[in-house]
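Peer 1: The structure that follows is given in the form of structure tokens.
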Amino acid sequence: MAVSYKDFTSPSAQFTYDVNHNTSVKKDNRNFINELSIKQLNTLGNLSMLDTYLDKGNAIEPHHHPNASELVYCVAGEVVVSVINPFTKELRHYPNRPGQVTSIPQGWWHYDTATVDGTHFLAIFDAPVPEIIPVSDMLRLTPPEALAHMYCLDPAKVSVALAPLNQTVIIGPPADCPKENQDVDYQTQNPQPDAAAHTSHPPYNQGYGLRPYQQSDGNPRRPQVIGNGWAHLYHDGP
């Protein structure tokens, strides 16, 4: 229960907490999320946090927060925050290395992908308890025939494609995902105008944004957009 400012002298007022004691999502010992909200620390105001650890290639699935804006702060490694701007109809990718942040307005669809092992980042919210609506729930709970009808798709193919999706994912790909389903190349183009930001770190020559045979342009921030905004990043390596 929340404690008002008048109750800060109460014996029930909590001023410290070990976030490691509240793991809300866990794929394995290297990919998990620790959560802090007013449920764990009752003196928190309009604030909450997710403490996230991911290895390379793991991602927080596409989702949005209906009750909060979000600030992603990279502690270690690198996390690419991919955000759909609902007003410009563009998908932007924001690579964050230690000390760098990305702001996500309330209700905007986004997902977060680790590009190196041992990635650690904080997601900070302006709400006492962050709410989340993941795409996995929307896909698995919407009848395949409804999706096929709405978007003029082959009903049989939609059913087959979505059949394995029988639970909320949060951290993907699932541990039992076949390797061949993960080895997909995504084409990108057209970096955005503010791509000069975040250039204080050394460039990288592989992973998201570049093929192994391409040369880095010295710009680790390589957000992309293609067509109506539905684009992805290259991903090479294991």
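Peer 1: Being open to solvent by 70 Å² or more (accessible area, probe 1.4 Å), in a loop (DSSP other than H, G, I, E, B), free of Cβ contacts under 8 Å to residues at least 40 places away in the same chain and farther than 29 Å from GLY118 by Cα is the requirement here; does THR9 meet it?
Peer 2: For THR9, the condition - open to solvent by 70 Å² or more (accessible area, probe 1.4 Å), in a loop (DSSP other than H, G, I, E, B), free of Cβ contacts under 8 Å to residues at least 40 places away in the same chain and farther than 29 Å from GLY118 by Cα - is met.
Peer 1: Something else now. All but one of (1) at positive phi; (2) of a type outside the set (A, V, I, L, M, F, W, C); (3) modelled with pLDDT under 95 hold for PRO164, so report the exception by its number.
Peer 2: Looking at each condition in turn, PRO164 falls short on (1).
Peer 1: When the stretch 18-37 is examined, which residues are found to be open to solvent by less than 30 Å² (accessible area, probe 1.4 Å) and under 24 Å from VAL3 (Cβ atoms)? It would help to see each step written out before you state the result.
Peer 2: Initially, the stretch 18-37 is screened for residues open to solvent by less than 30 Å² (accessible area, probe 1.4 Å), giving 19, 31, 33-34, 36-37.
VAL19, ASN34, LEU36, SER37 - these are the residues of the stretch 18-37 that are open to solvent by less than 30 Å² (accessible area, probe 1.4 Å) and under 24 Å from VAL3 (Cβ atoms).
Peer 1: Could you tell me how many of the residues in the stretch 57-68 are within 21 Å of MET138 (Cα to Cα) and in a loop (DSSP other than H, G, I, E, B)? Walk me through how you get there before you give the answer.
Peer 2: Within the stretch 57-68, the first condition is being within 21 Å of MET138 (Cα to Cα), and the residues that meet it are 58-68.
In the following step, the residues that additionally are in a loop (DSSP other than H, G, I, E, B) were identified as 58, 65-68.
Matching residues across the stretch 57-68 total 5.
Peer 1: In addition: Given the structure, is GLN40 in a loop (DSSP other than H, G, I, E, B) and open to solvent by 40 Å² or more (accessible area, probe 1.4 Å)?
Peer 2: no
Peer 1: Just to be sure before I move on: is PRO130 of a type outside the set (A, V, I, L, M) and surrounded by 13 or more Cβ atoms within 10 Å (Cβ to Cβ) in the structure I sent?
Peer 2: Taking the combined requirement at face value, the residue satisfies it.
Peer 1: So, in the stretch 85-115, exactly how many residues are of a type in the set (Lys, Arg), in a loop (DSSP other than H, G, I, E, B) and farther than 16 Å from TYR53 by Cα? Let's see the steps before the verdict.
Peer 2: Applying the first criterion (of a type in the set (Lys, Arg)) to the stretch 85-115 yields 89, 92, 97.
Right, trim to in a loop (DSSP other than H, G, I, E, B) and you get 89, 97.
When the remaining residues are screened for being farther than 16 Å from TYR53 by Cα, the result is 89.
Within the stretch 85-115, residues that are of a type in the set (Lys, Arg), in a loop (DSSP other than H, G, I, E, B) and farther than 16 Å from TYR53 by Cα number 1.
Peer 1: Quick one: is SER82 crowded, with 17+ Cβ neighbours inside 10 Å, outside any loop (DSSP other than H, G, I, E, B) and either modelled with pLDDT of 95 or more or of a type outside the set (S, T, N, Q) (or both)?
Peer 2: Against the criterion (crowded, with 17+ Cβ neighbours inside 10 Å, outside any loop (DSSP other than H, G, I, E, B) and either modelled with pLDDT of 95 or more or of a type outside the set (S, T, N, Q) (or both)), SER82 qualifies.
The values are calculated or read from the model by the stated rules, or taken from the named source; none is laboratory data. What you are looking at is a predicted structure, and each value in this text was computed from that prediction instead of being measured. Positions of Cβ are generated from backbone atoms using ideal geometry, with glycine treated the same way; all protein chains shown enter the neighbour counts. When the accessible area is computed, the model is the full protein with side chains, heavy atoms only, and any ligands, DNA or RNA have been set aside. Shrake-Rupley method; radii C 1.70, N 1.55, O 1.52, S 1.80 Å.
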